[in-house]
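Below is one structure, written out as structure tokens; comments come after it.
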Amino acid sequence: MADKSDLLQRPRRFYKAAAAGPAAGGFAVLLDGRTPKSPAKAPLVLPNLALAELVAGEWEAQAEVIDSTAMPATRLAFTAIDRIRETRAEVAAEVAAYAGSDLLCYWADHPTPLVERQRRDWGGMLDWARAELGLDLRPVSGVIHTAQPQAALAAVEALALTLDDFALAGVAYGAGLLGSTVLALALRAGAVTGQRALDLSRLEEIFQAQTWGEDAEAAARARALAVEAEVLERWFAALRR
């Protein structure tokens, strides 16, 4: 919970109602009929109504003050509007870099139950990426970095460049959140839910918690990450409409 001084520094809610409506270039978030601006002073316009309603819902949920930390879809929209369109090549390279050290490619060498779970669950996701996206990322045992084939990373980068600004923003964010480009792309495709993607990214942590118990701090962190993953799921679902 934010302390009182933090709340005082946040801007007060200055509008009565937030909604979504048609605008030049797509659908805008409307605060009492006016469109807010991004940090770079661009209008908050989304490519379709579903995504605009998702972002507008965050503005409508604000109480007396505007808490940007509780508005992940809005932050992602600002990223797409202000950053992605100007730096698509750089962001696509970031997505490929995450694939180069994708979490799903680093399997444990013991204990056996964990290895078996990784082979089943992580291996299944790598098989999905190979079959559905043509991405051939190769798993190894241990945590020492092992370079992926350049052809595979080039394929990831090329795929990222085919995405529109809003999908690319979501994939880049998801790759960082989950430690896995494969999971981010699977979430974009609707092949996994946000919670499932998060659980897969935390597979070893969940295994350890089931074996030895989970402390309160780790549980709180997992709940916070689950909120972000759910919003990302809704973000991609809206883009697919």
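The values are calculated or read from the model by the stated rules, or taken from the named source; none is laboratory data. Predicted model only: the values in this text are computed from it and were never measured. Because the Cβ atoms are built from the backbone with ideal geometry, glycine has one as well, and the counts that use them run over all protein chains shown.
Tabulated data for the structure shown
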item	result
Test result for R75, of a type in the set (D, E, K, R), at pLDDT below 95 and at negative phi	no
Single residue of E116, E90, E86, E157 found to be closer than 23 Å to R196 by Cα and either over 18 Å from the mean Cα position of the chain (by Cα) or surrounded by fewer than 20 Cβ atoms within 10 Å (Cβ to Cβ) (or both)	E116
Pairs with Cβ under 7 Å, 6+ apart, first in the stretch 59-77 and within 11 Å of P11 (Cα to Cα), second in a helix (DSSP H, G or I) and hydrophobic (A, V, I, L, M, F, W, C)	V65/L7
Test: residue in the stretch 5-28 that is assigned to a helix (DSSP H, G or I), in contact with a strand residue (DSSP E or B) (Cβ under 7 Å, 6 or more places away or on another chain) and of a type outside the set (S, T, N, Q)	yes
A28 vs. criteria assigned by TED's automatic domain parsing to the domain that holds G179 and among the aliphatic types (A, V, I, L, M)	no
Conditions (1) within 23 Å of R10 (Cβ to Cβ); (2) out of contact with any helix residue (DSSP H, G or I) (no Cβ under 7 Å at 6 or more places or on another chain); (3) surrounded by 16 or more Cβ atoms within 10 Å (Cβ to Cβ): number failed by R34	(3)
From the options P43, P11, residue that is outside the structural domain of A172 (by TED's automatic domain parsing), free of Cβ contacts under 8 Å to residues at least 60 places away in the same chain and over 27 Å from R241 (Cβ atoms)	P11
Filtered residues of the stretch 93-107 (kept if crowded, with 19+ Cβ neighbours inside 10 Å and aliphatic (A, V, I, L, M))	V95, A96, A99, L103, L104
Of all residues in the stretch 119-147 being crowded, with 17+ Cβ neighbours inside 10 Å and in contact with a Cys (Cβ under 9 Å, 6 or more places away or on another chain), the one that is nearest to V95 (Cα to Cα)	L137
